[in-house]
Amino acid sequence: MPVEKLSDKVILKSPKGATAEILHYGATIISWKTSGGLISGGTEHLFVSSKAALDGSKPVRGGIPVVFPCFGPPEHPEHSKLAQHGFARNETWTFDSVVMDNETGVSVRLLLKPSSAVKSIYSKDFELAYVVTLAENQLSTDLHVTNPSTTDSLEFQALLHTYLRAPSKAVTISPLNGLTYINKVKGGAKEVEKREAVDVKQFTDSVYEDAPSKVSVIWPGGGVEVKMTEFKTLTVWNPQAEAGSKIGDMEENGWEHFVCVEPGYVRGFKKLEPGSRWIGQQVLTLV
Ligand code: TA6
């Protein structure tokens with residue numbers, strides 16, 4: 001059965017055994033496995049902390065949290081009542097439909113519209129759709145933001161906070177050399193990347209501007225290609241022990257097992273005119 005709908009999540013299964021699990025809570029993808037999936041266990045490509053809450057009590061520490069309408073601490077006046085990274089990752093999304101189910105893979109759509117809780121902290125109308133597509137060695141995540149208003153524009157930030165499972169002392173991300181980035185470890189200093197291959201051996205929290213449409217996340221014995229469209233920034237984050245040991249739902253030494261490579265639109269705000277739509281896509285392909 002390519003799509004299994006459970007009370008709290010949706011499980012996708014590709015014809016050759018890859019699997020993905022999507023919580024309704026936050027539309028958070030909490031697992032992406034290949035070669036064996038639910039049969040032999042397969043290989044897990046995402047990191048989820050063993051201390052992560054998966055019951056909807058708080059945003060998941062790991063997987064692919066969806067960040068909308070703001071990234072980081074809110075800056076826009078319309079976001080003043082929102083928590084860090086906005087509300088999309090801690091609202092319950094609804095399963096809408098199976099978009100594709102054939103020999104190449106399976107795709108589903110989840111939706112989020114303003115709940116009464118959201119309306120109490122955020123006045124703008126919006127419609128989010130999240131289309132997740134699983135193929136044999138690939139996982140695609142498309143975030144559709146629609147402005148239903150006939151009069152008002154909608155300004156937002158969006159980001160897919162992807163925790164890729166990788167040895168943090170050995171993983172590198174390229175090509176980022178030559179790009180300007182905001183170094184949040186150094187108080188937001190603006191710097192230019194000089195490294196051919198960026199590592200996260202030290203506490204790293206970098207927001208690259210004018211990101212390339214494709215980066216390679218490589219480590220000895222593995223790798224993932226990250227392709228993105230319409231996302232203009234790429235955030236690279238690993239707290240290492242320096243910051244990771246202070247994160248309550250981070251498992252002990254969890255920082256050794258992931259790198260966050262986060263396609264986003266987080267410098268300034270995307271402005272959607274009435275009735276228009278923006279689609280940010282991330283495609284993860286095993287290399
Ligand atoms: O994407 C990197 C970042 O903005 C870091 O600054 C750190 O705050 C991380 O997200 C995790 O944020 P969270 O709210 O999930 O603890």
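Things to note:
- Highest-fluctuation residue, GLY86, GLY63, GLY178 considered, GNM on the chain with Cα pairs under 10 Å: GLY178
- Under 26 Å from LYS5, Cα to Cα: lysines that are on another chain or at least 8 residues apart: LYS13, LYS16, LYS33, LYS51, LYS58, LYS113
- Cα-based Rg of the chain normalised by 2.2 N^0.38 Å, two decimals: 0.95
- Its relative contact order, with pairs defined as Cα atoms under 8 Å and 6+ residues apart, puts the range 85-166 at 21 percent.
- Remark on the range 188-283: hydrodynamic radius 15.2 angstrom, per the Kirkwood mean of 1/r across alpha carbon pairs.
- Partners for LYS169 among aspartates and glutamates (Cα-Cα distance below 13 Å; same-chain residues under 8 apart left out): ASP199, GLU256
- Amide hydrogen neighbours beyond the local backbone of ALA53, cut-off 5 Å, H modeled: ARG61
- Considering helices alone, the calculated mean residue ellipticity of the chain at 222 nm is -500 deg cm²/dmol, with DSSP H runs of length four and up weighted by -39500 (n - 2.57) and normalised per residue.
- Between SER276 and SER35, the modelled labels are 4.5 nm apart [label points 7 Å from Cα along Cα→Cβ].
- The mean sequence separation of alpha-carbon pairs under 8 Å and at least six residues apart, normalised by the residue count of the chain, gives a relative contact order of 18 percent.
- The range 191-243 versus the range 100-123: alpha-carbon centroid distance in Å: 27 Å
- Charge context of SER206, other residues only, Cβ under 14 angstrom, K/R +1, D/E -1: 0
- Average accessible area per residue (Å²) across the range 105-181 - probe 1.4 Å, nucleic acids and ligands excluded: 33 Å²
- On the range 113-161, 45 percent of the accessible area sits on carbon and sulfur atoms, based on a 1.4 Å probe.
- If you take all other residues with their beta carbon under 9 Å from the beta carbon of TYR25, and give Lys and Arg +1 and Asp and Glu -1, the sum is -1.
- Total formal charge among the other residues, if their Cβ is under 15 angstrom from that of MET228, Lys/Arg +1 and Asp/Glu -1: -1
- Packing-based ranking, highest mean first, of 193-202, 215-224, 23-32 given that Cβ atoms within 10 Å are counted: 23-32, 215-224, 193-202
The values are calculated or read from the model by the stated rules, or taken from the named source; none is laboratory data. Just so it is clear, the structure is predicted and the values come from calculations on it, not from any experiment. Backbone-built Cβ (ideal geometry, glycine too); neighbour counts: all protein chains shown. When the accessible area is computed, the model is the full protein with side chains, heavy atoms only, and any ligands, DNA or RNA have been set aside. Shrake-Rupley method; radii C 1.70, N 1.55, O 1.52, S 1.80 Å.
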